[in-house]
Each structure stands twice: as structure tokens, then as C-alpha cells.
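First the structure, in the form of C-alpha cells, and then the observations on it.
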2 protein chains.
Amino acid sequence: LNKKEVVEKILKDSLCVAKNKQGVYFAPANIALCKYWGKRDLELNLPQTSSLSVSLGHLGAKTTIEELTDSKETMDEIWINGKREKPNTPFSKNLKNFLDLFRLTKTCVYRVKTAINIPIGAGLASSAAGFAAVVGALNDLYAWQLAPAELSILGRLGSGSASRSFWSGFVEWQMGIREDGMDSKGHVLTEQWPALRVGMLILNTAPKPVSSRVAMERTVSTSPFYTAWPAKQAVDLRAMKEAIAAQDFNVLGSIAETNALGMHSLMLAAKPPILYSEPSTIESMHRIWQYRDQGLSLYFTQDAGPNLKLLFLEKEAETVKSLFPTLEIIAPFGEK
Amino acid sequence: LNKKEVVEKILKDSLCVAKNKQGVYFAPANIALCKYWGKRDLELNLPQTSSLSVSLGHLGAKTTIEELTDSKETMDEIWINGKREKPNTPFSKNLKNFLDLFRLTKTCVYRVKTAINIPIGAGLASSAAGFAAVVGALNDLYAWQLAPAELSILGRLGSGSASRSFWSGFVEWQMGIREDGMDSKGHVLTEQWPALRVGMLILNTAPKPVSSRVAMERTVSTSPFYTAWPAKQAVDLRAMKEAIAAQDFNVLGSIAETNALGMHSLMLAAKPPILYSEPSTIESMHRIWQYRDQGLSLYFTQDAGPNLKLLFLEKEAETVKSLFPTLEIIAPFGEK
């Protein structure tokens, strides 16, 4: 099965029953607490394991999309944060290929305007939010009226982790077992955790030297430890859902931390090795462990980049902020 | 089987046939190129895998040992680099326990003087050289006339990697399969590689926060990836011996590097995680990879500490020294 066939399966009758002048959608960024690392299907972005994230509230991407019917343009017009994106960048090509899945006619071109309030390409889940917002905006433009779980499947075709960006709160991306991936989609957890805080410790916003896609593929094909990852992930995921149900923060934090370190250790053992950490990343890790030894309930997670995301509870927010003054603190479930 | 029984097996008739006034021995430090990480027998220091090292020429430990027969001392007198070691330090206790294996009478106490020209307890193989030198000095003191392979077994009882410190050049510690470990000992490779250079990149000589012993045990019992380590190690070891036979430096270097990173990735995934790297370690790794991208044949290995050992050939020595001015460069097979 290819992407186009999946899109047709989902849209069937809904395609072009109605059309709005433009479509708009906001999708939050999401931070995986149990990571997605490794695909079982490269075309459909089907994962080797399930994963679990928390959405970042107001941080994410808001996309407006319209068809340029009267225009002489033959290429999509892509704007990011008010700046026209050149058509030959890897990002533009990626998005163009993705939009190809949805054009009603061959001559259809889009104007896509995205406002994104997190650094792009630095392991801060910008692409997840970006692809999710595009899918949501298309759903609005064409009045498909798809359910979030269906949008999730479409978003996954753009970027795997986009499948988790159609909800607030905790979202599990259930890996599914079908070849067509129709069961590989997001599922929101009912649990809320208003006291949970995520702190973005931005150490370097330069685009990462190795893309997540390349890093993931290299890990799966060359890391001698990858065979042991799915079993670890299953154990971590189950324990994390229990910790969320029990609101046991120290369990949640420690699983999130060892899960992230497990993912990075897979990469360190790949050939050639992939080391997203920079000196400041390592320094921050040692500091966090030192604070924890001193009694502070503070944990971290790390994605495909040098930045860390700190996990803590509202009652520690002031202390954590004093230790990491540049921290941007997010309340995923809103402020009380 | 316990340590004492192994010692008795080896010494059998040789014990105390003769006695010199004092025993002296120099043992080189050794750097594992294929690491030893994980024990199958904690008492006898029997390893989960074979390993392979290169000895560091003049860097190591020289020990002089004598019995204090006329003394009223009831405790061993331990000197390191001219300084009397307090009897209650972990090191003194370790050495006392080790010496207990060799005392002829219960009242026998030793004066042990060790001159060691590498930093101690910083992942620079000081304990391997130290225990090997003590064993060699006892062999001299009591005129046991044991072969290096027998000394290797005795050294292993003190510190696993000491089993590789009884030879110059490349040494394989063959893991063996026997329960008593009589087949778990060093074996020197015939190959010489005069152009090989090892550079000690000392970033921090403070004693490590987690001992190798603790780190190893925690890795074996909690790292989800440890199950995949023995197979990786077997592949790496075979390929490394081929690279040594073929004098293919880039293969040797890249295997040594991924083998070390594999060991550290096991630790990063342990619970709680063990991260010997410091910011300067990570910075140096990124620099080394950058130089290699630019064409320099330069690799690293890392042991249980933040320091790196660089691997390169004599022809690159000047370039490498200009990039890392503090580097101490060792010619394991002597200068030409």
C-alpha cells in the first residue's frame, strides 16, 4: 500500500463534498515520554512500537490553507512565520509531496501559511505539529469532517509523531498490526494531570546535523541493541500508563528519563554513531541528577536534538526556574 | 570455588620453595580496544565476554614487595608514589584482602611500594597495572617462577583487566568456559604494530563517581540491552583481530570506537543511568568526528571515566598533537 491509497481509503466519499474558502487548524506540539524510534514501514511511517506523548498546550503550529485557483502559480506558496519559504528546500519538497496526496486536480496549488511558536528542526517536535496542522487545515478547507483518529492516520503519513498531535493531554500512538496502518493512530488518554509541568531547556536551536528520519533508519539497521528495544518499550509504556493512572510523578519521570536515555543509547551504538547531545546537554543532565540526589523531583527527556525537556510538578516550578532561569515552562493541562 | 582455592591450585608446590629479600615487578597499564564489561562470576572476576587490549609501554605500575618479619606492625604498609596510604581507604582494604590470598602465615604482613605513572581511579587502567604489578612482585619475592598466563589468572582475582597487564603489545583476555576460571586468562598476540599510537586525552583525573565494579554489575542486572552485548562483542573481537593481522588501521579504529560507544550506551540505558562522559568528553568526541570527516584517521576509545584515549598512526602524530596540545602520546610498540 502507498500513501495515496491510504488517503483515498480514508476520504472515500468525503472528498470535496463541500469546500470552504480556506481551512484553519491549530495542532499542539507533543513531547514523547515513551519514544517513537524505528519504523516497520518506511512508506506509511508505521512504527516498530507504540509510544506515548503529552501535548504542549499553546505551543504548536497554526496553519491556514487555501487553493490558489485564480493564480498563475504552478507551485505551492509556503509561508512560515510570515516568511516565504523557498520552493527548493528539503522542507518545501517534503510538504509539496505531502500535499500531492490531497490535490483534487493536477493543477491545484495551495497557499499554506503556518505560524509556529517553537524552534524548527531542533528536536522540538515542530514537524509533528506542522504536519498535523496541515492535515487539520485541509479537513477544514474541504469540510471532510473527519474524526481526530482519522486525521491522526493522515498526519502520520507526513511525520510519524504527527499522529499524536491531534489532541491535548496524554496521547498514545498505538502501533497497530495491519499492513495498511489503519489501526496505527493516536488515542487520547482520559487522565488529566493539571500539576504536571514541562520545561523546555533550549540549549541550541540550530537544525540538527542528522535528521530524525535518517537517524531512525540507521539505528534500526545498524544498532546491535535495537532488537532489545521493542520489549523495553512495551514494559516502559505499560508502567508509564500505570503511573499516569496513579498520578505517581516519580515513576512517570524516571520511566520517561530512562526511556529517552535508552533511545539515545541505541543511537550511540549505531554505525556510524549518532550523538545528538552537546557539552551543554551533558552538563545539564549531570546537574539534574545532582539536584535529584538533593531531593528535587526533577527528570528530563530528550528527543532528536541537544535540547532537554524537563519534567516536574507545579509545586517545584519556582525552584526549577531558579536553577534554570531560561526555562520556558509549559502547563500541558492549563494553569489551575 | 573461591579465590583462595584458585591461588592454591596455581601455587601448589611452588609456594615458598625459595624466598628473595624483596620482589619487584613492572606491569604496563593496558587500554581495552574491545572492552571487558560484565562478569559471569563476581568472586573470580570471570567475564561475560573475551576482550582485547594494547599495553601502554612505559606507563604502568612498578611494585616492590617485602615481608615485614621483624616488625611489630600488624597491618600491611602500603606506599603509592612515595606516600603512605591510610589503612582504612577502600583501596587499602582491597589490596589487604588480595594479599590475604598469598600470606604464608597469619601474622605475615607486607610492605608494598608502588610507583605508578598514570592517574589513579580515573578510568586509566591504574588498577589493572597495580594488581598485575603486585602479583608479579609476589612471584619474584617467593620465586614461584610462574608463567605469565598463570600470573594473569592471579592478577584477574584482584581486578579483571589486570589479566591483560602481563605482556607488551596486543593481549586477548580469553573468557574461558570453566567454572574455576583456569582457562580465563591473557594471551599475547604475535602481531606487532610499531606505527600505532595511543594518545591519552586527560580531561579530568578526579576519581570516578561510580566504580567500574558497581557500574558493571548495574549494567548487567538492569540494562535492557545487555543481552545483545556478548554477540556484538564476539563480532567486534573477531573483526578486530583480522584488522590487526591486516594492519588495517581504519578498521581497527572504527571497531574500537563503536565498541567503546556500545559499552557506554549499555550504561546509559542502565537504571539508574551511568554517564561517565562530561561536557569536555562530548566536545572532544564531536571534534574528533569533525576532524575525521575532514580526512584525518583519528579514533577514540573511552573507559570507565570521562577521559578519552585517541588512536592514530605515527604519521598523523604531529597533526593530532597540534589539535590536542595536552595529549600524552604513547608508542605501545616503542619508537622506531
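The values are calculated or read from the model by the stated rules, or taken from the named source; none is laboratory data. Just so it is clear, the model here is predicted, and its values are computed rather than measured. Cβ sites come from the backbone with ideal geometry, for glycine too, and all protein chains shown count toward neighbours.
Annotations for the structure displayed:
- Qualifying residue in the stretch A:116-132 (condition: part of a strand (DSSP E or B) and at pLDDT below 95): yes
- Per-region count, the stretch B:136-152, residues part of a loop (DSSP other than H, G, I, E, B) and in contact (Cβ under 8 Å) with a residue 60 or more places away in the chain: 5
- Checking each residue in the stretch A:196-218 for being within 11 Å of chain B (Cβ to nearest Cβ) and buried (at least 21 other Cβ atoms within 10 Å of the Cβ) picks out no residue at all.
- From the list B:66, B:77, B:5, the one residue that fits, being loosely packed, with under 14 Cβ neighbours inside 10 Å and of a type in the set (D, E, K, R), is B:5.
- Subset of the stretch A:314-335 [exposed (fewer than 10 other Cβ atoms within 10 Å of the Cβ) and under 26 Å from the mean Cα position of the chain (by Cα)]: A:325, A:335
- Put simply, of A:288, A:282 the only residue that is of a type outside the set (Gly, Ala, Ser) and either closer than 22 Å to residue A:30 by Cβ or under 19 Å from the mean Cα position of the chain (by Cα) (or both) is A:288.
- Here residue A:266 meets the list (1) of a type in the set (A, V, I, L, M); (2) buried (at least 21 other Cβ atoms within 10 Å of the Cβ); (3) out of contact with any helix residue (DSSP H, G or I) (no Cβ under 6 Å at 6 or more places or on another chain) almost entirely, failing just condition (3).
- Verdict on residue B:256 being away from chain A (no Cβ under 12 Å), in contact (Cβ under 8 Å) with a residue 40 or more places away in the chain, touching an Asp or Glu at 6+ places or on another chain (Cβ under 9 Å) and among the small types (Gly, Ala, Ser): yes
- Test for residue B:332: is it touching a strand residue (DSSP E or B) at 6+ places or on another chain (Cβ under 9 Å) and under 30 Å from residue B:213 (Cβ atoms): yes
- In the stretch B:243-253, of all residues being over 17 Å from residue A:270 (Cα atoms) and among the small types (Gly, Ala, Ser), the one that is farthest from the other protein chains (Cβ to nearest Cβ) corresponds to B:245.
- Test: residue in the stretch A:169-177 that is within 27 Å of residue A:321 (Cβ to Cβ) and not in a loop (DSSP other than H, G, I, E, B): yes
- Selection from the stretch A:270-296 of residues that are facing chain B (nearest Cβ under 9 Å) and either crowded, with 19+ Cβ neighbours inside 10 Å or within 9 Å of residue B:279 (Cβ to Cβ) (or both): A:270, A:273, A:275, A:277, A:278, A:279, A:280, A:281, A:282, A:283, A:285, A:286
- Some residue of the stretch B:313-335 being modelled with pLDDT under 95, out of contact with any Leu (no Cβ under 9 Å at 6 or more places or on another chain) and at positive phi: yes
- When the stretch B:80-102 is limited to residues that are among the charged types (D, E, K, R) and within 19 Å of residue B:213 (Cα to Cα), the one that is surrounded by the fewest Cβ atoms within 10 Å (Cβ to Cβ) turns out to be B:93.
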